[in-house]
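The structure appears below as structure tokens.
Here, each number is a calculation from the coordinates, and none is a lab measurement. Please read these numbers as outputs of a predicted model, since none were measured by experiment. All Cβ positions, glycine included, derive from the backbone under ideal geometry; neighbour counts span all protein chains shown.
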Amino acid sequence: MSKPILSIDEISKIFLNTAQKTLETTTKQAVTYSTTIQKIPKVSMKPDLTCFVQFDGDYIGLVIMNFSADAAYEIYEKYMLAMGIPKTELATGLSSAEVTDSIGEITNQIMGQVIKDVGETFELNAVFGQPKALTLNSAITLVIDADYAENRRLSFKIGNYSFRIEIAMEHTEFIQI
């Protein structure tokens, strides 16, 4: 039997690669990530735009994507332009429902691919709910009615703007047989 590995760390690695590939495909822009995964004490929704979604199945948890206004708008703008929408028809600010809807859709695409990739890698299944995107003026720390003992932060960059993905999961180990 092989050595057990902490599931959140393996899923975090999948998130790094999948989020990068998905965002590069949808925005036609280079996306980079830090090769350091941070272990954090809790997850929070942070300004200016956040999107969160829970997943459940063979592994359970919560994902929060936190964007500054500039990062969120950059992703929205490049996403819409890549789909052929003229710049003159784009929303002009973060408060537009189009921006939050687009970030929610991109989160949905990332989550769908992550669930698929985890399934292919570990032969485990999960489903996720509808991502909820909203704008915030201050941070909100989530207290989840579940034992999400493991928390990680992943850092990304698109253009000159940084954004982060925070993941909370129950403590589980993957033991390959």
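For this structure, a couple of remarks:
- Phi-based couplings in Hz for segment 106-116 (Karplus 6.51, -1.76, 1.60; Gly and Pro marked x): 5, 4, 4, 5, 4, 4, x, 6, 4, 4, 5
- Three-way shape call for the chain based on the alpha-carbon gyration tensor, with the a/c threshold at 1.5: prolate
- Applying both filters, DSSP loop and at most 14 other Cβ atoms within 10 Å, to the GluC sites (Glu not before Pro) of segment 91-158 gives Glu123.
- Remark: relative contact order (the chain) = 41 percent; criterion is Cα-Cα distance under 8 angstrom and separation of 6 or more residues.
- What separates the Cα centres of segment 62-129 and segment 1-31 is a distance of 15 Å.
- 3J(HN,Hα) along segment 56-67: 8, x, 5, 9, 10, x, 9, 10, 10, 10, 10, 10 Hz, from the Karplus curve 6.51 cos²θ - 1.76 cosθ + 1.60 with θ = phi - 60°, whole Hz, x for Gly and Pro.
- MRE, 222 nm, helices only [DSSP H, n ≥ 4, -39500 (n - 2.57), over the chain, to nearest 500]: -12000 deg cm²/dmol
- Shape category assigned to segment 52-144 from the gyration tensor of Cα positions, a/c cut at 1.5: oblate
- Table column - 3J(HN,Hα) (Hz), segment 24-38, Karplus curve with 6.51, -1.76, 1.60, x for Gly and Pro: 5, 5, 7, 9, 6, 10, 6, 10, 10, 9, 6, 7, 9, 8, 8
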